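S.K.: The structure under discussion is supplied below as structure tokens; questions concerning it will follow.
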Amino acid sequence: MANFVDFISNLHTSKQQSIVWHHQTDSYAAHKALNNYYDEIVERVDALVESVSGVYGRPQGYTVHDLADYTDVAQVQDYFKKLYAYVQSERENLYQESWIQNQIDNIAELVAETNYLLTLK
């Protein structure tokens, strides 16, 4: 369960980080992309945690990591590229049922979409 809790904690941190940058950016495209991300990630993480909890129990021991102030869109794009790589690498350390992996696919899809939206002007 520890890997799952770490995974969810990192996704919670990504939500909080996106809120901070949403409030600080001067880029309209980044502002909208980040707004979409934090609205969507809440629902996707909630669905994943609730369904996994039905089989494996409620996760305990969440943490939220330090948040960074906004510098530029390139910083945010780099963050989401790293987040995508993290989701893809950590999925093999999580529960392997196809329905759980499908929910992780939905999270990876949102991260990838966000990174694309950050390239718009």
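S.K.: In the set 81, 121, which member is within 13 Å of the chain's Cα centre (by Cα), open to solvent by 50 Å² or more (accessible area, probe 1.4 Å) and over 17 Å from residue 8 (Cα atoms)? Can you show your working first?
M.R.: Values: 121 fails: within 13 Å of the chain's Cα centre (by Cα).
Only one candidate qualifies: 81.
S.K.: Tally time: how many residues in the stretch 85-105 are open to solvent by less than 70 Å² (accessible area, probe 1.4 Å), in a helix (DSSP H, G or I) and not acidic (Asp, Glu)?
M.R.: Going through the stretch 85-105 one residue at a time, the tally reaches 10.
S.K.: With the requirement that a residue be farther than 13 Å from residue 114 by Cβ, open to solvent by 40 Å² or more (accessible area, probe 1.4 Å) and assigned to a helix (DSSP H, G or I), what does the stretch 20-32 give you?
M.R.: Passing the criteria: 23, 24, 28.
S.K.: Taking interchain pairs and intrachain pairs at least six residues apart, which have beta carbon atoms under 6 angstrom, with the first residue in the stretch 26-46 and of a type in the set (Asp, Glu) and the second assigned to a helix (DSSP H, G or I)?
M.R.: 40/110
S.K.: Could I ask something else about it? Just give me the residues in the stretch 37-47 being surrounded by fewer than 16 Cβ atoms within 10 Å (Cβ to Cβ) and touching a helix residue (DSSP H, G or I) at 6+ places or on another chain (Cβ under 8 Å), in sequence order.
M.R.: Of the stretch 37-47, the ones surrounded by fewer than 16 Cβ atoms within 10 Å (Cβ to Cβ) are 39, 42-43, 46-47.
Hits for the stretch 37-47 are 42, 47.
S.K.: Determine, yes or no, whether residue 86 is under 13 Å from residue 6 (Cα atoms) and within 11 Å of the chain's Cα centre (by Cα). Reasoning before the result, please.
M.R.: Details: under 13 Å from residue 6 (Cα atoms): yes; within 11 Å of the chain's Cα centre (by Cα): yes.
Judged against the criteria, residue 86 is a match.
S.K.: Being open to solvent by 10 Å² or more (accessible area, probe 1.4 Å), within 27 Å of residue 121 (Cα to Cα) and not in a loop (DSSP other than H, G, I, E, B) is true for just one of 68, 74. Which residue is that? I'd like the intermediate steps shown before the answer.
M.R.: Working: 68 fails: not in a loop (DSSP other than H, G, I, E, B).
After ruling out the rest, the residue left standing is 74.
S.K.: Within the stretch 48-60, can you find the residues that are exposed (fewer than 10 other Cβ atoms within 10 Å of the Cβ) and either under 18 Å from the mean Cα position of the chain (by Cα) or not in a helix (DSSP H, G or I) (or both)?
M.R.: Taking the stretch 48-60 first, the residues exposed (fewer than 10 other Cβ atoms within 10 Å of the Cβ) are 54, 57, 60.
Those that are exposed (fewer than 10 other Cβ atoms within 10 Å of the Cβ) and either under 18 Å from the mean Cα position of the chain (by Cα) or not in a helix (DSSP H, G or I) (or both): 57, 60.
The values are calculated or read from the model by the stated rules, or taken from the named source; none is laboratory data. Quick caveat, the model's predicted, so the values are computed rather than measured. Glycine gets a Cβ as well: all are built from the backbone with ideal geometry, and neighbour counts include every protein chain shown. When the accessible area is computed, the model is the full protein with side chains, heavy atoms only, and any ligands, DNA or RNA have been set aside. Shrake-Rupley method; radii C 1.70, N 1.55, O 1.52, S 1.80 Å.
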